[in-house]
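Here the structure comes first, spelled out in structure tokens, and everything after it is commentary.
The values are calculated or read from the model by the stated rules, or taken from the named source; none is laboratory data. If you're wondering where the values come from, they're calculated on a predicted model, not measured in any experiment. Here the Cβ positions follow ideal geometry from the backbone for every residue, glycine too, while neighbour counts run over all protein chains shown. Keep in mind that these areas ignore ligands, DNA and RNA; they rest on the heavy atoms of the full protein, side chains included. Shrake-Rupley method; radii C 1.70, N 1.55, O 1.52, S 1.80 Å.
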Amino acid sequence: MPPLETMISPGLLQALLGHAETTHESLAHIVSKALAEYLQVAHHTLYQVSTSTALVEGIYQGAVRVGTLREHGDLGLGTFEDLDGEMVVVDGRFFQVRSDGSVRECGDDFLSPFAVVTRFQPEEEVTLPECPDLSHLIARFDRLRHSDNVFFALRVDGHFDHVHTRAMCRTKEGVPLAQAAAVQPEFDFHNVAGTLVGFWSPAYAKTLNVPGYHLHFLSTDHQHGGHLLQCRGSNLRLQIQRGGEYRLALPETEDFLKADLSRDPAADLARAEGERK
């Protein structure tokens, strides 16, 4: 980001320093947020419930209602209580893709143990004429990202020749994510219009979120979806938004408070989130 130098009054500086000391926010963050509000420019916030480490360790108890998530974002992903399927949030509507392949729209009372949402206002948009596979899509998004140290929200719309997804099965609390993912049903869709939504997270955030790319799919007719494993398409519309603030809401459930979350989750996340070989 380009630097900004300016002169401010001693009184304003004192107030700024006092606020920073009270909130533990950086001066740059406070100034950026204040300017965004004054100029009516979006200061993008990623709102997340729980952590990837908790999910890896089998903490699947519902921690937040969809109604609460709806207040914080209109694009996102996650899962549901007891790991019951995949959450896909598109244009403010929340959908559950279940392990039998069915898709239903969620009311406000649905519970989630892990989710990430944001108010999506893309800062850059490109068209990808040909997308032979997921690696090609990721490489194009890599060119749109200007840092490996901040979060990004992503969206892809278009027609897909092939989409390969999976959806988690309802699982007992305490069963590790890697074990639950070993029996996840997988689905193949052909010649389908739809939307990919998700996030790119820095490697240093691996104990909080899935590092790298994490994408979920929903067909335009809301009949198909799931966690994205592979895709192929053409004339895809890619949109990206940089996250300016990362807000983490920790569960107050007994299982979360008593869990041992000290283990590195990276290897188990890679096994659970990636395509089977």
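Solvent-free Debye calculation, one equal scatterer per alpha-carbon of the chain: log10 I(q)/I(0) at 0.08, 0.09, 0.15, 0.16 Å⁻¹ equals -0.34, -0.43, -1.12, -1.25.
With every protein chain present, what is the per residue accessible area of the chain (1.4 Å probe, Å²)?
Normalised by residue count, the accessible surface of the chain is 49 Å².
Each peptide in 219-225, 143-149 was scored by the mean count of other Cβ atoms within 10 Å over its residues; highest first, the order is 219-225, 143-149. Projected label points at Ala259 and Thr220, each 7 Å from Cα along the beta carbon direction, are separated by 3.8 nanometres.
The value obtained for region 213-262, namely the Cα convex hull volume divided by the number of residues, is 190 Å³ per residue.
Sorting His136, His44 by accessible area puts them as His136, His44; the probe is 1.4 Å, largest comes first, and only protein heavy atoms count.
Any chance you could count the Lys pairs in the chain whose alpha carbons are under 30 Å apart, treating pairs 8 or more apart or on different chains as valid?
Step by step, the pairs that qualify in the chain add up to 6.
Legend: residues Met87, Met7, sorted from most to least accessible area (1.4 Å probe; ligands, DNA and RNA excluded), read Met7, Met87.
The figure for Ser102 is an accessible area of roughly 50 square angstrom, using a 1.4 Å probe on the protein chains alone. Of interest is the spacing of the C-alpha centroids, which for region 73-146 and region 215-277 amounts to 8 Å. Computed about its Cα centre, the charge dipole of the chain is approximately 340 debye, with only Lys, Arg, Asp and Glu carrying charge at their Cβ. The trypsin sites (Lys or Arg not before Pro) of region 208-267 that DSSP puts in a loop, and whose beta carbon has at most 16 other beta carbons within 10 Å, are Arg263. Split the accessible area of the chain by element, probe 1.4 Å, and carbon with sulfur accounts for 52%. Using a simple spin-label model with pseudo-atoms 7 Å out from Cα toward Cβ, Asp133 and Ala28 lie 3.7 nm apart. In a fully extended conformation the segment linking Leu16 and His159 would gain 46.6 nm over its present Cα-Cα distance, using 0.36 nm per residue.
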